[in-house]
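Structure, as structure tokens:
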Amino acid sequence: MTYPLGSFPRFGQSESYGWIDVDVAKQFLADPVRVGLHHCTGINDDAAEVLSTYESQLPDLNGLTELSDASAESLSRHRSNLALNGLTELSDAAAESLSKHRGDLVLNGLTKLSDAAAESLSKHQDDLHLNDLIEISDDAAESLANKKGPINEQDPEDWVAWWKIQ
């Protein structure tokens, strides 16, 4: 989807709430105030690579409902908070990539995590947000309890204890 600079609908509201492609990503880099991304539902791998170079806070990418492993790898290199609340699932490879992200990682749309994904995300050093998490195994809970940085702004052991009684 290509939009002349300045004509991309504010807040990413394209006709179809479409994908972020390279053209849209480059337009965002050129004019982040006028090009919104948070309602777009997908991102291609090349666009994720372009956005990873943005030197300021990315807008929330909460409209994304899917994320390829390659896009996760690219976005993990962005050095600021990363909000991906539209994702309801995350592959083990994407979790491994995102665990390397520096900055808060907001994954409030996830409702379950595999043991491998939890183990990977436990390596994330900054705040990890998992507000909608419903299903994890005891092994996954143990991995998250050993996380170095906070979960939902809490000590990981306290968060896991709270999560188990919910």
Cross-link reach list, lysines versus Lys100, counting only Cα pairs under 25 Å and skipping chain neighbours closer than eight places: Lys26, Lys112, Lys123, Lys147, Lys148
Built amide H within the under 5 Å cut-off of Ile43, gap 5+: Ile20
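Stretch Ala30-Asp115 to full length: gain in nm at 0.36 nm per residue minus the Cα-Cα span? Please report the intermediate quantities before stating the final value.
Numbers: separation 85, 0.36 × 85 = 30.60 nm, distance 4.01 nm.
Gain on extension, Ala30 to Asp115, equals 26.6 nm.
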Correct option for log10 I(q)/I(0) by the Debye sum over Cα atoms at q = 0.08, 0.16 Å⁻¹ [calculated from the coordinates] among (1) -0.24, -0.84; (2) -0.31, -0.96; (3) -0.44, -1.02: (1)
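Taking only DSSP H segments of four or more residues, each worth -39500 (n - 2.57), what value at 222 nm results for the chain once the sum is divided by all its residues, to the nearest 500 deg cm²/dmol? Don't jump to the answer; show the numbers that get you there.
Working: 7 runs with 56 residues, N = 166.
Helix-only estimate at 222 nm: -9000 deg cm²/dmol.
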Cut-off under 5 Å, modelled amide H: who pairs with Gln154 long-range: none
In sequence order, calculated HN-Hα J values of region 36-41 (Karplus, 6.51, -1.76, 1.60; Hz; x Gly/Pro): x, 10, 6, 9, 5, 8
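What full-extension length gain, to one decimal in nm, is calculated for Asp92 and Gln125 as 0.36 nm per residue of separation minus the Cα-Cα distance? Write out the running numbers ahead of the final one.
On the way: separation 33, 0.36 × 33 = 11.88 nm, distance 1.77 nm.
Additional length available on full extension: 10.1 nm.
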About the Cα centre, charge dipole magnitude for the chain (Lys/Arg +1, Asp/Glu -1 at Cβ), debye: 580 debye
³J(HN,Hα) computed for each position of region 84-98 - Karplus, 6.51 cos²θ - 1.76 cosθ + 1.60, integer Hz, glycine/proline x: 10, 6, x, 6, 9, 9, 8, 5, 4, 5, 5, 4, 4, 5, 5
Charge-dipole axis of the chain as Lys and Arg at +1 and Asp and Glu at -1 on Cβ define it, positive-most pick from Ala161, Asn146, Ser52: Ser52
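Where a number appears in this text, it was derived from the coordinates with a stated rule and is not lab data. Because the structure is predicted, anything quoted here is derived from the model rather than measured. FYI the Cβ positions are ideal-geometry reconstructions off the backbone, even for glycines, and counts take in every protein chain you see.
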